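Take a look at the structure set out below.
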Amino acid sequence: MSGPDRDGPPGVRCLLYLSAPEDFAAGCASLAARPVAYRAFMTALRAGCTSVAVPSVFRGTEVERAIAAHPRSRTAVVWLSGADSLSSTKTVLLIPATSILPAASLRGLLEARPVTVLSPSPDEAPVALVDRSVCQTLADRLASGTPVGPALRGLLAGASRLVAPGSWSVRATTEGARREAERLLLSDLGSAIDSRLDTVVHRRLSRVLTRGLVALGVTPNTISVLSVAIGLVAAWCWASASVGGTLLGLALYLLSVVLDHSDGEVARLTFAESRLGAWLDTLGDTLVHASGAVAMGLAAQRVDGSGLLYGGLAAIGFIASALVSKTSPRSKAPRGLARTVSALGTRDGFYVLLLLYLLVIAMAPAALPYLVLFAALGSHLYWLSVLATRPRVAPTAVRPAPLEASARGGSPQAAER
């Protein structure tokens, strides 16, 4: 790999290129608060490329400033100074500087044999894995940032095509195309652990917030802190032991959850993922749910004179569940009773608990201690079941791909950015 001020080393794996004259201005244009060409650059890194060569025509632009602002991109960038920068290249992934597409679409292409063109990339600006002969034929123009679209299309005539089903690609050279690319990027920000409720309610609301928060430049960690603060206010409302306070707390909790989804979306959309953010997310979720358990115990104590102890036990159970889920992934999908217990440990399960809490307050306040006791037993049963179903032999540790988005937004015990 090369630093930001060095020429390209042998084995450059990816190179941004200009297909047409308008690609330079379009590559510098902003899409969700980041330059289009920078998004193409970071997509290559997320796909697994260790370095990305960039024509020096982008020096001194917003593209270079975006690269310089991100630690990972600073170490991965290779600024092309001339055709000799590509003299040792054997195989290179060519990505148009205006191409917006998911990183998953590129991973299969990186494993293909050159010369292969990715479908659905457009014919006028193809994404392609090429060999040394193609790269050397276009070396001068690739290095200088001269548009190579027509020449490249001629060299790729008859090339193999790798079809990526369900994928998409946008050549973001117009304002309308950039709006469409932003819409597709936002729609791809979900998590593998999203529940049906997340998909139908939380994500629809969070994407609206995410678009505005990105435009305002709000950082993911700031959103996380705001989410936790609102969640704690919600817990304070639940402690009132009143129907009105519980309804207000439920509405605030919904807002907290939406923001909890939004912080991960902003992180992935702006390439701001971090381990600190993931842990802040997990700790924040745990604090909100543990505080909610204590609040329910306080409400039971106010109504019936008992239940505070149960609330404390439930809070401990939530904390233990979060720690165990974070460190002990299940060896297989739960079934039967284990599946039911697992469902109770999700955020959807916490919503069910809140609705039961509201129903009991409205119709049978004296039963509050029993409900809180049920929550305490359920939370401890959850983390015990996770321990019981974790792999007996620890799997080989696999480091996550750089900048790969973590799952978040599905569970009070295991949500991550």
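The values are calculated or read from the model by the stated rules, or taken from the named source; none is laboratory data. What you are looking at is a predicted structure, and each value in this text was computed from that prediction instead of being measured. Every residue, glycine as well, gets a Cβ built from its backbone with ideal geometry; the counts of neighbours run over all protein chains shown.
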> Could you say whether any residue in the range 200-213 is closer than 24 Å to Val36 by Cα and in a loop (DSSP other than H, G, I, E, B)?
Replying inline: no
> Out of all the residues in the range 214-226, which are outside any helix (DSSP H, G or I) and more than 20 Å from Val288 (Cβ to Cβ)?
Replying inline: Gly217
> Filter the range 24-54 for residues that are more than 15 Å from Ala125 (Cβ to Cβ) and β-branched (Val, Ile, Thr); which is modelled with the lowest pLDDT?
Replying inline: Thr50
> Can you find even one residue in the range 227-237 that is in a helix (DSSP H, G or I), among the aromatic types (Phe, Trp, Tyr) and in contact (Cβ under 8 Å) with a residue 24 or more places away in the chain?
Replying inline: yes
> Is there any pair linking a residue in the range 113-140 that is outside any loop (DSSP other than H, G, I, E, B) to one that is among the charged types (D, E, K, R), with Cβ under 8 Å and at least six apart or on different chains, and which?
Replying inline: Thr116/Arg161; Val117/Arg161; Leu118/Arg161; Ser119/Arg161; Leu129/Arg113; Asp131/Lys90; Arg132/Lys90
> Hey, any hits in the range 200-212 for a residue that's of a type in the set (A, V, I, L, M), surrounded by 19 or more Cβ atoms within 10 Å (Cβ to Cβ), out of contact with any Lys or Arg (no Cβ under 6 Å at 6 or more places or on another chain) and in the same structural domain as Glu273 (by TED's automatic domain parsing)?
Replying inline: yes
>> For the range 244-278: of the residues being assigned to a helix (DSSP H, G or I) and polar (S, T, N, Q), which is farthest from Val228 (Cα to Cα)?
In response: Thr246
>> So Arg46 passes all but one of these: (1) of a type in the set (Lys, Arg); (2) crowded, with 19+ Cβ neighbours inside 10 Å; (3) out of contact with any Asp or Glu (no Cβ under 9 Å at 6 or more places or on another chain). Which condition number does it fail?
In response: (3)
>> Within the range 229-258, take every residue that is among the hydrophobic types (A, V, I, L, M, F, W, C) and touching a Leu at 6+ places or on another chain (Cβ under 6 Å) and give me the one that is surrounded by the most Cβ atoms within 10 Å (Cβ to Cβ).
In response: Ala234
>> Condition check: out of contact with any Lys or Arg (no Cβ under 6 Å at 6 or more places or on another chain), surrounded by 17 or more Cβ atoms within 10 Å (Cβ to Cβ), touching a residue at least 24 places away in the same chain (Cβ under 8 Å) and more than 17 Å from Val78 (Cβ to Cβ). Does Leu156 satisfy that?
In response: yes
> Which one of Gly176, Gly166 is farther than 20 Å from Leu255 by Cα, part of a helix (DSSP H, G or I), of a type in the set (Gly, Ala, Ser) and in the same structural domain as Ala40 (by TED's automatic domain parsing)?
Replying inline: Gly176
> Restricting the search to the range 261-282, which residues are at pLDDT below 90 and within 30 Å of Val360 (Cα to Cα)?
Replying inline: Thr282
>> Exactly one condition in (1) touching a residue at least 24 places away in the same chain (Cβ under 8 Å); (2) under 30 Å from Arg211 (Cα atoms) is false for Pro165; which is it?
In response: (1)
> What are the pairs, 6+ residues apart or on separate chains, where a residue within the range 62-77 that is without any contact (Cβ under 8 Å) to a residue 40 or more places away in the chain has its Cβ under 8 Å from a residue that is among the polar types (S, T, N, Q) and not in a helix (DSSP H, G or I)?
Replying inline: Glu62/Ser30
>> Would you confirm whether or not the range 76-86 contains a residue that is assigned to a loop (DSSP other than H, G, I, E, B) and crowded, with 24+ Cβ neighbours inside 10 Å?
In response: no
>> Can you find, within the range 351-368, the residue that is surrounded by the fewest Cβ atoms within 10 Å (Cβ to Cβ) among those that are of a type outside the set (A, V, I, L, M) and under 14 Å from Ser242 (Cβ atoms)?
In response: Pro365
>> Being among the hydrophobic types (A, V, I, L, M, F, W, C), in contact with a Phe, Trp or Tyr (Cβ under 9 Å, 6 or more places away or on another chain) and more than 25 Å from Gly108 (Cα to Cα) is true for just one of Leu197, Leu205, Leu247, Leu152. Which residue is that?
In response: Leu197
> When residues of the range 301-312 are filtered for being surrounded by fewer than 24 Cβ atoms within 10 Å (Cβ to Cβ) and farther than 16 Å from Ile361 by Cα, how many remain?
Replying inline: 2
> Would you say Val92 is at pLDDT 95 or above, surrounded by 21 or more Cβ atoms within 10 Å (Cβ to Cβ), in the same structural domain as Ala151 (by TED's automatic domain parsing) and over 20 Å from the mean Cα position of the chain (by Cα)?
Replying inline: no
> Out of Leu298, Leu276, which single residue is more than 30 Å from Ala32 (Cβ to Cβ) and surrounded by fewer than 22 Cβ atoms within 10 Å (Cβ to Cβ)?
Replying inline: Leu298
